1. Would you be able to tell me the number of residues in region A:167-184 that are in contact with a Gly (Cβ under 7 Å, 6 or more places away or on another chain) and either free of Cβ contacts under 8 Å to residues at least 60 places away in the same chain or open to solvent by less than 30 Å² (accessible area, probe 1.4 Å) (or both)?
2. Mind checking which residues of region B:127-159 are farther than 17 Å from residue A:251 by Cα and facing chain A (nearest Cβ under 10 Å)?
3. Just to be sure I understand, how many residues within region A:71-82 are in contact with a strand residue (DSSP E or B) (Cβ under 9 Å, 6 or more places away or on another chain) and either under 24 Å from residue A:31 (Cβ atoms) or open to solvent by less than 10 Å² (accessible area, probe 1.4 Å) (or both)?
4. Please work out which residue is nearest to residue B:66 (Cα to Cα), limiting yourself to region B:268-299 and to residues that are in contact with an Asp or Glu (Cβ under 7 Å, 6 or more places away or on another chain) and of a type in the set (Ser, Thr, Tyr).
5. Hey, does region B:19-40 have a residue that's in contact (Cβ under 8 Å) with a residue 60 or more places away in the chain and either under 16 Å from residue B:265 (Cα atoms) or away from chain A (no Cβ under 13 Å) (or both)?
6. Tell me the residue from A:50, A:103, A:79, A:98 that is more than 13 Å from chain B (Cβ to nearest Cβ) and over 15 Å from residue A:322 (Cβ atoms), please.
7. Would you point out the residue of region A:185-225, among those that are in contact (Cβ under 8 Å) with a residue 40 or more places away in the chain and of a type in the set (Asp, Glu), that is nearest to residue A:415 (Cα to Cα)?
8. For region A:332-417, which fully contained helices (runs of 4 or more DSSP H) count at least 1 residues that are farther than 30 Å from residue A:189 by Cβ and over 20 Å from the mean Cα position of the chain (by Cα)?
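The values are calculated or read from the model by the stated rules, or taken from the named source; none is laboratory data. Predicted, not measured: the structure shown is a model, and the values here were computed from it. Cβ coordinates were reconstructed from backbone atoms using ideal geometry, including for glycine residues, and neighbour counts include every protein chain displayed. What goes into the accessible areas is simple: the full protein's heavy atoms, side chains included, and nothing from ligands, DNA or RNA. Shrake-Rupley method; radii C 1.70, N 1.55, O 1.52, S 1.80 Å.
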Amino acid sequence: MKKIFAAIAAATLLTACSSGTKAGSGSGGDNKTLTIASVDQGSIEKVVEAFKAANPGVTVNLSTSGADQYQQQIRTQLASGTAPDVMTVWPGNGNPGATYVIAKPGYLLDLSGQPWASKLPDAFKKVAQYEGKTYNAVFGLNGIGAVYNDQALTKSGLKAPGTWTDLLDFCRAAAGKGTPAFALGIQDNWVTQIALYALVATDVYSADKDFDTKMAAGQATFAGSPWTTAMDKYQQMNTAGCFQKNPLGTSYEASQTLAATGKTLGIIQGNWIIGLLKKKNPAGTFTMKALPATDDPARFIMPAAAGAGYGVNAKTKNKDLAITFITYVMSPAGMKIFNEAQGSLPTLPDAGTAVDPGLADLTTFVKDNRTVPFMDQLWPNAKVQQTMLSGLQEVFSGQAKPADVLKDMDTDYKAGS
Amino acid sequence: MTSDRKKRLRGRTAPPWWFTVPALSLFAFVVLVPSARGVYYAFTDWDGLDPDFAVIGLRNFTELLGDDDARQAIWHTVLIAVAVTVLQNGVGLLLALGVNSMIKTRNFLRVLLFAPAMIAQIVTAYLWRNLLGPDGAVNSLLDGIGLGSWRQDWLGDPKLALWMIVLVVVWQYAGYSMVIFVAGLQSIPKEIYEAAAIDGSGPVRRFFSIVRPLLAPAITINLMLSIIGGIKLFDQVYALTGGGPGHATDTISTLIYKDAFTLGEFGYSIALAVVLTVIVAVASAAQYTGLARNERAAS
């Protein structure tokens, strides 16, 4: 009996991990049926519809899921040979579904020969390529900032702050009126990084644009850099009442409801939040502004980077159809549908996308080259980010000190890829 | 029965060992071989993707010894397993004694109390995640009955979150333990109670002298199931807190999942799974031996 229990337990725990490592194709190979796995819920559906209309007779099997779940499932599918023909791939490195991570063992098809690949601006090429070859069709640009609920802001009689000092005053005044400045839903741990990135962009990169290069060369550390200032400001914001009560018990979903319905005056998030807020409050208007991390607006920098794009399974049996789809995504028509549905900015100049008026500030920052990529995109492994995410939850719950989190991030960074 | 007679009986009735070959082959094919292959990866640095990986001996296991997160997760796992086992069976036994009495609604109550065990774990976990949210039903209820000062961030407070997980598991599975206890209680002949009552024993004495010893097989099964379930707990933890805040509610199972699928450290994660397997095997074997001895002593 004992042995049987032990064996059953072993089987339950271990069989999932014992599959092979050869990539395979998602569907039959007739170039008529395409399988796609995506995280772009709410926007990819429109692109797929338009793609099918432009390619009669083609069937698309689309599955969408949240980023956390997707990153976990795509690795298993790739390793077990059940991955789809076309899949979401994140730019750069630093997360389990990123270009470098998946291209390195040869799971992605080289797309360097496609006409759009050479047209990508350099900032995007850097994160769409691995060892000089393009693997990721990055179609959209995302930025992070403070997104205000215009109606709630007007009702409060307050004005969006323009400096760091204003920001803290704004938070105190908003909290005093019973409608905290920003919704924060850090029960979902990926959300913890967003406000920090908004602060780090200005605090770290306005003084040192080459910080990433120095980190990679071992000449800089998180704990010995203005990352400490940014961490400190994040906590100052918390103390000043910038966020609603109990952020650790609030989910990302619940935080959207707070900001959309005016229970907070806004939310610090990526531009993708505007579409989600409008779904919850169709009558509302929302405006994104740079989060004022210092008292000198001329130094403001916004985090902005290529969003998740699409890669093709190297072992697909529907290569032609997969490339036709990727070409469509990167065409002016496909890019327009995708970016308008997501509220993101196009990566290619001739896309003719109508940008949400609430993103005027972000557009200006991109045009003026006052942006930095999301910090994790050039980190050497996924662990640095995970340490930061759980570390920030620990800081918010009083289990850890910001300095210790940065030290742990340094340790993981130095462990390399 | 003499030992000679036992031997003769066994010789006559026991089927030849090779009758088990088909079943054992199937078991080996679907369970043992994949598990052994899985264990092999615990000695490699496989990242779950790259077919080129190296055999690194015991490095994953030695790293595990020095990993604070792993040690913390093992501690949380033990805490949850013990708390769930004690509470689930305590509550289950009380419910069983209640619905085994002659009250009119006992059949309805049995169904009602067993119902949560029929719902998927992930569904109840998400339900409770909403109920226990800062503006969820639990806090609203406290406000409503004038206990607003008791409001808590039930899942966001690292001191409370682990116990909320235990509470949800007990809520869901106390009815399951109850059903097994009820089956055990119904197998106790009424005459024994009646004889004891005539002899003048009270309910407490009857419980300890009659119910507890005769319920021993049901207790063994319930304790085994709840301790194994508690050690392997994953769904509720992942859905309620994701192991957070920070690592405050991480168990071995959630850590295995995160290390494998988020960090791509499959080799390390499988090493953790091997440790979990050993813990489950040792705990259930020790418990089974102890309880079986108890059962024999009681009968």
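1. Here the count works out to 4.
2. Of all residues in region B:127-159, those farther than 17 Å from residue A:251 by Cα come to B:140-151, B:159.
Those that are farther than 17 Å from residue A:251 by Cα and facing chain A (nearest Cβ under 10 Å): B:151, B:159.
3. Looking only at that region, the number is 3.
4. Residues of region B:268-299 in contact with an Asp or Glu (Cβ under 7 Å, 6 or more places away or on another chain): B:268-269, B:272.
Those still in the list that are of a type in the set (Ser, Thr, Tyr) too: B:268-269.
Details: B:268: 13, B:269: 15 Å.
Here the answer is B:268.
5. Filtering region B:19-40 for residues in contact (Cβ under 8 Å) with a residue 60 or more places away in the chain gives B:38-39.
Next cut, either under 16 Å from residue B:265 (Cα atoms) or away from chain A (no Cβ under 13 Å) (or both) only: B:38-39.
Within region B:19-40, one or more residues are in contact (Cβ under 8 Å) with a residue 60 or more places away in the chain and either under 16 Å from residue B:265 (Cα atoms) or away from chain A (no Cβ under 13 Å) (or both).
6. On the way: A:103 fails: more than 13 Å from chain B (Cβ to nearest Cβ); A:79 fails: more than 13 Å from chain B (Cβ to nearest Cβ); A:98 fails: more than 13 Å from chain B (Cβ to nearest Cβ).
It is A:50.
7. So, considering only residues that are in contact (Cβ under 8 Å) with a residue 40 or more places away in the chain and of a type in the set (Asp, Glu), the one nearest to residue A:415 (Cα to Cα) is A:212.
8. On the way: elements: A:332-342, A:360-367, A:382-396, A:402-414.
Qualifying helices (runs of 4 or more DSSP H): A:332-342, A:360-367.
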